[in-house]
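Every read-out reported here was derived from the displayed coordinates using simple, explicitly stated rules and does not represent laboratory data. These numbers were taken from a predicted model, which means no experiment stands behind them. Glycine gets a Cβ as well: all are built from the backbone with ideal geometry, and neighbour counts include every protein chain shown.
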Amino acid sequence: MKHLKLKIPIAILAGLSISTTAWAQSSPQDAVSGMCVTENVQAAFLPPDNVDEPIFAVFDGSRYKKAASIGQYQATAPANVFLNNPFDVQPVEVVLEGLIGDGLTLEGEYVRAGSERIDGFEVATTGIDGADYRFEADTTDIKLCNTDLSRCPQFDAVNVYYHIDRFVRDFWIDRMGVDISFQANARVHIGGDGAAAQPDERSLIFKVGNIFNKNAALSNDLIYHEYTHLVTWALGFEVDSGGPDEPLALSEGYADYFAATYTDGPRIGDWVVTCPPRQLCIDDEDRDNDLEIRHLGVDATIWNWNFGLPDAGLEYGFCLRYHELDQKCKDSYNNTQPRYVWGMIWAAMLWDLRQEVGADVADFLIVDAIRRHSSVASFAEATVNLIEAENSLFNGLHRDALERALTGRGFPVTATAVEDEPELPEGLDIQVWPNPSTERAQVSFKTVRSGEWNWRMVDMTGRIVLSGGGQSASGESTLTLDTAAVAPGVYVIQVLTGDRVLNKSLSIVRQ
């Protein structure tokens, strides 16, 4: 087998890491780990050769950018997909959005999806006699796609396209207000277990399943996890895949968290995992088979950073099972590396925070913190950034909850981590009640001198939802906000008077 120089993906969701040399020289026969690689698969980690003749995306040496004008992303097409992980349900018909031109290929505004085996390197999947993607699914546990093209359903690329496109539109753009200015290149039908991301090239790969996993292209939470790596990179958290473990662990933790918050559940990869049964294998009395790749709702007394001294014996994702192809019992020690173990501790801490303050607070706070990270952020730096983000967005309203989440998982919080919000000069004050509110909220504020004042209500993306003012007042003033038509969520009330801006967080709920 020809040896090629490979780029190691920054994230392999199953948690397996092997050396470049061992990977390049592996063959399907000796792939005990399930990460078997064939020559066509290796190309998925290399830059495109045809960069001088792009179709709808250009490569600037490090990342993909959308090149088509917004008017070209108007095509739609019918498709069959799994709305959630398959389990025992059947695919449903949906409408794909954002396709380019006539929609004849899975080339869209935010993702290009194709099969490495059927379509070739970086080529998008084509529809059925036009813009029709109602292919049939194959949920077989182990697919021999790399040796039998008939076992490579075109459905898989369609499923990946749909979930990335929806994740971008529904969550990252509409909810979080993040500017997604790149097109991801997603490839399916790669040999082995799990999925991986190459953020600097905006590339994703989804493997067909071998020993420990089913087809990753059918697992929506794996798709969201890997795509989040591209988003955190775009937010400025550009982690070196060969760098220190702590920033890599943070990257893994964020990918787990945003997959979990979007699916509203702490389990990651619970469909894709094929363990148990053990079948002919001897039971391991010391460990149970995990039923998912990772789980954020884990015991805080065990999954704990312990102020920089985490338990060196922590591991997860253990699987002992009989492999049908070579008739041997296989056990997996995939998830013992610090970047994955520590990443799950960080993600569990974020999930603890979400459980206490809600997704409407936690999601925005975490994104703001990520924007503050350096490329080599440690847990200590990330802790400071979280506190800074909370202070900036919520003015200390959720500081206690954040500190409880951090210290509960053994992440130290120092008193000097962030400067406290300076006390307002005597005579300045702002109060909002009831908080949370449903249909109306009262805002009371004090000024120290006569002058014009204005107010506005902004969401977590900075968009002004309500505004008013232009009045003159001194002393104490009160206004009533009609919030009946405002979507539930967390907002900031700002009163601008003179050269001062008074901020107060307000939560809107529906009973």
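The listed peptides 360-370, 196-206, ordered by packing as a protection proxy, come out as 196-206, 360-370 (highest mean of other Cβ atoms within 10 Å first).
Taking amide H atoms as placed 1.01 Å from N in the peptide plane, the amide H of ASP429 lies under 5 Å from those of LYS446, each 5 or more residues away in sequence or on another chain. Computed from backbone phi, the HN-Hα couplings of the stretch 287-298 come to 9, 9, 5, 6, 9, 7, 6, 9, 9, 8, x, 8 Hz, rounded to whole numbers (Karplus: 6.51 cos²θ - 1.76 cosθ + 1.60, θ = phi - 60°; Gly and Pro given as x). For ASP400 and ASN84, FRET efficiency with R0 = 35 Å and r from the beta-carbon atoms, rounded to 0.05? About 0.50, to the nearest 0.05. The length gained by stretching the chain between PHE121 and SER150 to full extension, at 0.36 nm per residue less their Cα-Cα distance, is 8.6 nm.
Each peptide among 245-254, 148-157, 349-358 gets the average number of other Cβ atoms lying within 10 Å of its residues, and from highest to lowest they stand as 245-254, 349-358, 148-157. Sorting GLU238, GLU324 by the number of Cβ atoms found within 10 Å of their own Cβ, with the fewest placed first, yields GLU324, GLU238. Residues THR483, THR336, ranked from the fewest to the most other C-beta atoms within 10 Å, line up as THR336, THR483.
Couplings for the stretch 208-214, taken from phi via the Karplus curve 6.51 cos²θ - 1.76 cosθ + 1.60 with θ = phi - 60°, read 7, x, 9, 9, 10, 10, 8 Hz in order; Gly and Pro are left as x. Between the amide H of GLN74 and those of GLY101, distances stay under 5 Å, these residues lying 5 or more places away or on another chain, with hydrogens modeled in the peptide plane.
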